[in-house]
1. Once fully extended, how much extra length lies between residue 42 and residue 71, figured as 0.36 nm per residue of separation less the alpha-carbon to alpha-carbon distance?
2. At a probe radius of 1.4 Å, what is the per-residue accessible area of residue 120, in Å² to the nearest 10?
3. Do the sum for the chain: with -39,500 (n - 2.57) for every DSSP H run of n ≥ 4, divided by all residues, what is the mean residue ellipticity at 222 nm, to the nearest 500 deg cm²/dmol?
4. With charges set only on the Cβ (+1 for Lys and Arg, -1 for Asp and Glu), what does the dipole of the chain come to about its Cα centre, in debye to the nearest 20?
5. Expressed as a whole percent, how much of the Cα-Cα distance distribution for the range 1-42 exceeds 12 Å?
6. From the protein chains alone at 1.4 Å, what is the descending order of accessible area for 44, 197, 54, largest first?
7. Take the eigenvalues of the Cα gyration tensor for the range 28-100, scale each by 5, and report the square roots as semi-axes in whole Å, largest first.
8. Name the residue, out of 60, 34, 132, whose mean-square fluctuation peaks in a Gaussian network model built on the chain with Cα pairs under 10 Å.
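The values are calculated or read from the model by the stated rules, or taken from the named source; none is laboratory data. Just so it is clear, the structure is predicted and the values come from calculations on it, not from any experiment. Cβ sites come from the backbone with ideal geometry, for glycine too, and all protein chains shown count toward neighbours. All accessible areas refer to the heavy atoms of the entire protein, side chains included, with ligands and DNA or RNA removed. Shrake-Rupley method; radii C 1.70, N 1.55, O 1.52, S 1.80 Å.
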Amino acid sequence: MNIFHDLRNPVFVMKGCLHNISAENSTQKRYKELAETRLAQLEKMVEDLFLAEKLETGQLLLCEEHVFLPNLMRTVADSARISASVNISVSLFIETECFVWGDSLRLLQAFQNLTENALSHLPQNGQLTISLRQEENHAVCLFTDNGSGIPTEDLPHIFERYYTSASSRKNTATGLGLSIANELIRLHGGTISVQSKPQYGTTFTVIIPCTTPPHDLEEAFRWE
């Protein structure tokens, strides 16, 4: 927590300075874009440290409400398309209209951690497929990619905090993304499992209990 507070202020200052710097030629524009990208990565790492500490100490409070999962999954897919390289394809398949009870922003964060992990391992012309279906009273969310896959020896450890495999280190991974996703889903009464085959791809499966639709549907959609 102390590290988070020590890093947050200089990151905030640098972000403001970069925003006010004008790029007068192509070289300056390229340097500014590179600095903004690296600063965004640093900001994400700092926020992950903060959230990891909150989860570890049990201080994270969820703002729970009815969450219409199809809308949330569309937001996840749209964000992935923005983050993906131009030659990466992101597909979305929704087979059900269901509600879950939880914190929409934290669920969004968990799902985005899964998509960011997938995008970082996709090759040229790679494919990420996001799907939602319902099995009895549970929502099943699948995140499937045709990337490099996870080495067999790493599979038992990928949800451990700060664990990074050899294939992840080149992607500036902190080892917090999957751990945070796992803990956030667990707080919603759900589970994450993974199946992977090196050189063929990976599928993360998230299962969350569904809840009955609210009486006031307009209230349920207000976060959108």
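1. Result: 7.5 nm gained on full extension.
2. Here the accessible area works out near 50 Å².
3. Result for the chain: -14500 deg cm²/dmol, rounded to the nearest 500.
4. So the dipole magnitude of the chain works out to roughly 920 debye.
5. In whole percent, the share of Cα-Cα pairs in the range 1-42 beyond 12 Å is 62.
6. These residues rank, largest area first, as 197, 44, 54.
7. 29, 24, 8
8. 34
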